[in-house]
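Chemist: Submitted below is the structure of interest, expressed as C-alpha cells.
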Amino acid sequence: MNQEFYWTITQMRKQAAIIRGEEAPGLVLTDALYLNTYLKTWEKANIWIDGDRIIYVGEEVPAKVGRATETIDCKGYTLVPGYIEPHVHPGQLYNPQTLAAYAARFGTTTLICDNAILFKTLSDGDAFRLIDRLEQLPATFYWWCRYDPQSAVIDSPFSDERIRRWLNHPRVVQGGELTGWPRVVHGDDQILSWMRETKLLRKPIETHLPGASERTLTQLKLYGADCDHEAMTGEEAIMRLKLGYTVSLRYSSIRPDLPDILKTMVDKGVHDFDHVCMTLDGATPAFLKDGVVDHLIRIALEQGVPPEDAYMMASSNIAVHYNLADRIGHIAPGRAANINFLPSPSDPRPVAVMAKGRLVFRDGKTVDNDFFPFNISLDLKGAAFEFSLRPEQLVPKTTVGLDMVNDAITKPFEQPITAQETQLPHDVLYLTLVDKKGSWIINTYIRGFARSLSGFAGSFSATGDVLLIGRNKEDMVAAFNRMKKIKGGLVIAENGEITGELALPLFGFMSDLPMKRLIQEAGRFENKLRAAGYCFGDPFFSLSFLASTHLPYIRITPKGIVDVMHRKLLAASEPLI
C-alpha cells in the first residue's frame, strides 16, 4: 500500500494480470488449511501473494511462475488471519516501534492505537510524519482521535481545527475512547459536535463506560457510541450486545476477568460472537510476558468459545467494526498478507508470522531488522524539565488527600497540614504534581500507596507532568533531580541515594529498550515499589491514573485537587515560585 493507504492503480493492474496468467506472483502458499472468516469453516487452498497483498485463494496454481516466485509448503500448518489489537495505548513504558516488534512474534500484526501521546506532545504535522514513518514497519498501524484530555488541564490542546484534522486522516479509524462522556450527558455540545462529525465520516466511536446503567448506555448510543470496552461481567457484556454495541472484552493486570466474562457468556447461551472482540487495553510490559492477542484467544478457547469465533474475535470482527474488512482481518483476495501459521487450531501461538507479505517470525527467530529501519528515539525527544525544586516548595496547603482504594480508585480523606514528615501517619505520604514546564504546583497527601517510600519522582502520568511521592521531601527532590538528568522516567531515592530507576527518555513516557529487556527492567522497578509497601495490582497504572478524571472519586490535576463526581475544585494549583 502507498501513503494513501490503498494499493495504486499500477499495483492493482499487475495483480489482476497475475490472475490472468500474464504475470507471476511473488509468493505461493501451497496446500494451506486456513480459516475462511466468511463461512466460519476450515478450508484447503493455495494462496497467491504479490508484495503485501493476497491476490488469490483457491484450488488453482499460478499459470505463470517466475524465477523470483517463492513457494512455501503449508502442509501441517493451520493458517489464520494476523491478529489485531483494537485498543492499544502505545506509550505504556514501551513505544510503538518496540511494541510492534515484540507483538509480531506472537502473531499480532495490526495495532489500533490511542493518539493521546502524539496529540499532546507533537504538532499535528510532526505526529502525521511519525505515523507515515511507522508505515515502513511490517506491522500495520491505525489510530484513534481523542476528544478530551482525561484531566482538568489549564490549557486544553483540543480544538475544532485539530479534531477535524485528525478525524480526516486516512489512518484514523475511530473517535475516542470517550472518557469525558459525563460532559456530553450534561450538555457539552462541543464534544457532541465532534462525535457527530465522526459519524458523518462513517467512523465508529468507542466509549469508556464502567458500571454504566442501561439508561446511560442507551443515551450514549443515541449520541453515536458504537463500542465499549468496560464490561466487567458477562451480564454487562450481554446487556451491551442487546443494546447494539460492539463489545470489546478487556484483559489486563487491573481487570484480569476475561475468563469469567467469557464463561458467563457461554453458560448463558451466547452463540453469536460476531460483535465481540478482545483487548489487552494498554497492558504494561510485565503482563505481556505470556503473549499478546494470542493469549486472549487461548483464554477464549479454554472457556468454550468455538475456535472459529475465538480467532475472528481477534481479527475479522475487528476489521468489520472499523470498516477495514476490505484491507485486513481476512485471508481472502484483496487483503493485506497478514497471516499466522499455527501448529493446530487449538494452539493460537504461531510458529511463523507473515506481516505485509514478509515472514517476520519463523523457526523461533524474529527478523528484528525489519522493524527497525529507523530509530524512533530521534522522533520522540526527551522532556527538558528546565526548572528546579526545593523541599520547602513541597509543603501541602490543603487538608484533603487522596486515599487509594485499589489500583485505580482514590477517595478523599482529611489530613491535618503537616510540614514535618515525622508527624505523618505511618501510611500517609506527601504527594505533589508539578508542571513539566515548571509554571505551577499542587501539593497534598496520599494514603495507601507505599508506606515506606522515602522519595519518588516520575514523569509517567496522565498529563505528562511530574509526580513526586514520599515521606521525605529531600529524597523526593533527589529523585526529581535524577529524573531530570535521565530526561524522564521513574526514580526512587532513600537517604539521599538513588535506589531504583527506570529511564523513559521518549517524552518522559516511553523507554527505548527492546521489549524483553524492558519487561525485566520494569519488573525490577516494580519490585522496588512493592518492597516500599505498594500492594495493589499494577503500580504503573496507579501512577498514570492519579491525574485521570475519568475515574472516581478524587484526582490531583493541573488545575488542582478535583472532586470528580461533583465536578468541583477542592484546592487550586498555584504558581511555582
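The values are calculated or read from the model by the stated rules, or taken from the named source; none is laboratory data. Note that this is a predicted model, so its numbers are computed, not measured. Ideal geometry is used to build each Cβ from the backbone, glycine not excepted, and the neighbour counts take in all protein chains shown. Note: areas computed on protein heavy atoms with side chains; ligands, DNA, RNA excluded. Shrake-Rupley method; radii C 1.70, N 1.55, O 1.52, S 1.80 Å.
Chemist: Look at region 115-161 and say how many of its residues are of a type in the set (S, T, N, Q) and part of a helix (DSSP H, G or I).
Modeler: Selection size over region 115-161: 1.
Chemist: Also, quick follow-up: Among all residue pairs at least 6 apart or on different chains, which show Cβ distances below 6 Å where the first residue, located in region 459-486, is under 18 Å from ASN443 (Cβ atoms) and part of a strand (DSSP E or B) and the second is open to solvent by less than 10 Å² (accessible area, probe 1.4 Å) and among the β-branched types (Val, Ile, Thr)?
Modeler: Close Cβ pairs (under 6 Å, with a partner that is open to solvent by less than 10 Å² (accessible area, probe 1.4 Å) and among the β-branched types (Val, Ile, Thr)) amount to VAL466/VAL434; LEU468/THR432.
Chemist: Only one of these is modelled with pLDDT under 95, buried (at least 16 other Cβ atoms within 10 Å of the Cβ) and not small (Gly, Ala, Ser): LEU380, LEU394, LEU342, LEU359. Name it.
Modeler: Exactly one residue qualifies, and that residue is LEU380.
Chemist: When the residues of region 382-404 are filtered to those that are assigned to a loop (DSSP other than H, G, I, E, B) and in contact with a helix residue (DSSP H, G or I) (Cβ under 6 Å, 6 or more places away or on another chain), which remaining residue is farthest from SER454 (Cα to Cα)?
Modeler: PHE385
Chemist: Can you run down the residue pairs with Cβ atoms below 8 Å, 6 or more apart or on separate chains, where the first is in region 287-302 and buried (at least 23 other Cβ atoms within 10 Å of the Cβ) and the partner is among the acidic types (Asp, Glu) and assigned to a helix (DSSP H, G or I)?
Modeler: ALA300/ASP309
Chemist: Among the candidates GLY560, GLY533, which residue alone is at pLDDT 95 or above, within 17 Å of TYR430 (Cβ to Cβ), open to solvent by 20 Å² or more (accessible area, probe 1.4 Å) and touching a Ser or Thr at 6+ places or on another chain (Cβ under 8 Å)?
Modeler: GLY533
Chemist: Restricting to region 487-516, name every residue that is among the charged types (D, E, K, R) and part of a helix (DSSP H, G or I).
Modeler: Hit for region 487-516 is LYS516, nothing else.
Chemist: Please tell me if ARG162 is touching a residue at least 12 places away in the same chain (Cβ under 8 Å), within 26 Å of TYR6 (Cα to Cα) and of a type outside the set (Asp, Glu).
Modeler: Taking the combined requirement at face value, the residue satisfies it.
Chemist: Being of a type in the set (A, V, I, L, M, F, W, C) and at pLDDT below 95 narrows it down to one residue among VAL353, VAL367, VAL266, VAL320; which is it?
Modeler: Checking each option against the conditions leaves just VAL367.
Chemist: Another question, then. Please verify whether region 173-189 includes one or more residues that are more than 23 Å from the chain's Cα centre (by Cα), among the aromatic types (Phe, Trp, Tyr) and open to solvent by 50 Å² or more (accessible area, probe 1.4 Å).
Modeler: There is no residue in region 173-189 that is more than 23 Å from the chain's Cα centre (by Cα), among the aromatic types (Phe, Trp, Tyr) and open to solvent by 50 Å² or more (accessible area, probe 1.4 Å).
Chemist: Please give the number of the condition ALA408 fails out of (1) in a strand (DSSP E or B); (2) out of contact with any Pro (no Cβ under 6 Å at 6 or more places or on another chain); (3) surrounded by 20 or more Cβ atoms within 10 Å (Cβ to Cβ).
Modeler: Against the list (1) in a strand (DSSP E or B); (2) out of contact with any Pro (no Cβ under 6 Å at 6 or more places or on another chain); (3) surrounded by 20 or more Cβ atoms within 10 Å (Cβ to Cβ), ALA408 comes up short only on (1).
Chemist: Mind telling me which of the residues THR264, THR246, THR207 ends up being under 25 Å from ALA408 (Cβ atoms) and surrounded by fewer than 22 Cβ atoms within 10 Å (Cβ to Cβ)?
Modeler: THR264
Chemist: If you take the residues of region 431-480 that are open to solvent by 10 Å² or more (accessible area, probe 1.4 Å) and on the phi > 0 side of the Ramachandran plot, which of them is nearest to the chain's Cα centre (by Cα)?
Modeler: GLY448
Chemist: Give me the pairs: first residue in region 196-215 and among the hydroxyl-bearing types (Ser, Thr, Tyr), second residue assigned to a loop (DSSP other than H, G, I, E, B), beta-carbon distance under 6 Å, and six or more apart or on different chains, which are they?
Modeler: Cβ pairs passing all conditions: THR207/ALA225.
Chemist: Condition (residue is open to solvent by less than 10 Å² (accessible area, probe 1.4 Å) and without any contact (Cβ under 8 Å) to a residue 40 or more places away in the chain) applied to region 317-337: is it met by at least one residue?
Modeler: No - not one qualifying residue is present in region 317-337.
Chemist: Of the residues ILE18, ILE72, only one is outside any strand (DSSP E or B), open to solvent by less than 50 Å² (accessible area, probe 1.4 Å) and in contact with a strand residue (DSSP E or B) (Cβ under 9 Å, 6 or more places away or on another chain); which?
Modeler: ILE18
Chemist: Show the residue pairs that are 6+ apart or on different chains and have beta-carbon atoms under 8 Å apart, the first residue being within region 359-378 and hydrophobic (A, V, I, L, M, F, W, C), the second being exposed (fewer than 14 other Cβ atoms within 10 Å of the Cβ) and not in a helix (DSSP H, G or I).
Modeler: The qualifying pairs are PHE374/GLN136.
Chemist: Something else: Under the condition of being out of contact with any Pro (no Cβ under 6 Å at 6 or more places or on another chain) and in contact (Cβ under 8 Å) with a residue 60 or more places away in the chain, which residue from region 106-119 is most open to solvent (accessible area, probe 1.4 Å)?
Modeler: If we take residues in region 106-119 being out of contact with any Pro (no Cβ under 6 Å at 6 or more places or on another chain) and in contact (Cβ under 8 Å) with a residue 60 or more places away in the chain, then ILE117 is most open to solvent (accessible area, probe 1.4 Å).
Chemist: What are the pairs, 6+ residues apart or on separate chains, where a residue within region 488-515 that is open to solvent by 10 Å² or more (accessible area, probe 1.4 Å) has its Cβ under 9 Å from a residue that is of a type in the set (Asp, Glu) and at pLDDT below 95?
Modeler: PRO514/ASP368
Chemist: Further question on the same structure: Suppose we filter region 120-138 for residues that are open to solvent by 30 Å² or more (accessible area, probe 1.4 Å), in contact (Cβ under 8 Å) with a residue 60 or more places away in the chain and within 25 Å of SER544 (Cα to Cα); how many remain?
Modeler: Result for region 120-138: 3.
Chemist: To continue, here is another question. How many residues are basic (Lys, Arg), part of a helix (DSSP H, G or I) and closer than 14 Å to ASP226 by Cα when one looks only at region 173-208?
Modeler: Residues meeting the conditions: 2.
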